[in-house]
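Reading through the structure tokens given below for one structure.
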Amino acid sequence: MKIRSNGIVIAIDGPSGAGKSTIARLLAERLDYIQIDTGAMYRAAALLLSRANVDLSDLVAVEEFCRHINIRLELISGRQVVHANGLDVTDQIRTPEMSLLTSRTSTLKPVREALLKSQQQMGIKGGVVLEGRDIGTVVFPDAEVKFYLSASVEERARRRFEELAGKGELVTLAETIADVIQRDRQDSERDIAPLRQAEDAIMIDSSRLSVEEVLASMVLLCRNKIPDLESLI
Ligand code: DC
């Protein structure tokens, strides 16, 4: 197996609310790898497009705009900070409105092309855990380890609802379920890079598993697949 200079590429794909971010963070910590939350990058791009009032039906304008976006992820005291064109947008990109808008803007070709390039640059040397929808299928089809993390709609909506309620967002569980269903549909039915399990991805259903159980099974699977990782874990 070809070894990249900083380690392997681990891809974690799956629908929203399956627990990818938490697991990717813990797995990256465990391996001393860099976590790349590609969903945060799509959210940051959506926020920039909406703040600049770019007409999303005008793909030439979207492409021109995307040429000048710069999205950076930084780990500061254990917290992932998202910078979009120099501004800290970490909290603003997490509202339900931004989730729905991102699901829409992430269907646009110029947006995907711009972010695809920067994600590939960020991960090419390895030593990374990338999470998203198309990592194992499009961004890094040659990733050394691929996971597809899923959970039932009800469980994913329940988790999202609790997260939002904890932040004081006024949403109902029924609205959250409807949002999850709508985002699933938008993510998996789009033409470019739809949410799909790569053929060689390992499927994990987290509906009835704790975070620790999911992490433990991923670590074990990584270790079985890449014996060299043994020394790191
Ligand atoms: O993972 P998330 O919920 O933060 O992602 C936000 C949106 O971005 C989601 O609707 C799907 C989209 N996305 C994508 O199209 N491709 C990715 N690799 C990651 C996210």
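Values in this text are rule-based calculations from the coordinates and carry no lab data. What you are looking at is a predicted structure, and each value in this text was computed from that prediction instead of being measured. Backbone-built Cβ (ideal geometry, glycine too); neighbour counts: all protein chains shown.
Only Lys, Arg, Asp and Glu carry charge here, each on its Cβ (+1 for the first two, -1 for the last two); on that basis segment 50-142 has a dipole of about 160 debye about its Cα centre. Packing here is the average count of other Cβ atoms within 10 Å per residue, and on that basis the peptides 112-121, 69-78, highest first, run 112-121, 69-78. Under 5 Å between amide hydrogens, built in the peptide plane, is the criterion, and for L75 it picks out V81 among residues at least 5 positions away or on other chains.
Segment 73-97 and segment 172-210 have Cα centres lying 23 Å from one another.
Working note: 222 nm ellipticity from helices only, DSSP H runs with n ≥ 4, each -39,500 (n - 2.57), summed and divided by the residues of the chain, gives -14500 deg cm²/dmol to the nearest 500.
Close amide-amide hydrogen proximity is noted between I36 and V129, L130, E131, each under 5 Å apart and 5 or more residues distant or on a separate chain (H modeled in the peptide plane; Pro and chain starts excluded).
Would you be so kind as to identify which of I23, T38, S50 lies farthest towards the positive end of the dipole of segment 20-73, taking Lys and Arg as +1 and Asp and Glu as -1 on Cβ and the Cα centre as origin? Looking along the dipole axis, the top candidate is I23.
Paramagnetic label reach from V54 (point 7 Å along Cα→Cβ; backbone nitrogen cut-off under 16 Å): within segment 103-123, residues 103-119. The amide H of G7, built 1.01 Å from its N in the peptide plane, has G127 as neighbours under 5 Å, considering only residues 5 or more places off or on other chains.
At q = 0.11, 0.16 Å⁻¹ the log10 of I(q)/I(0) for the chain amounts to -0.54, -1.19, computed by Debye summation with a single uniform scatterer per C-alpha, solvent ignored. Placing +1 on the Cβ of every Lys and Arg and -1 on the Cβ of every Asp and Glu, with no other charges, gives segment 133-215 a dipole of roughly 220 debye about its Cα centre. When both bridge partners sit in the chain, DSSP labels roughly 35% of those beta bridges antiparallel.
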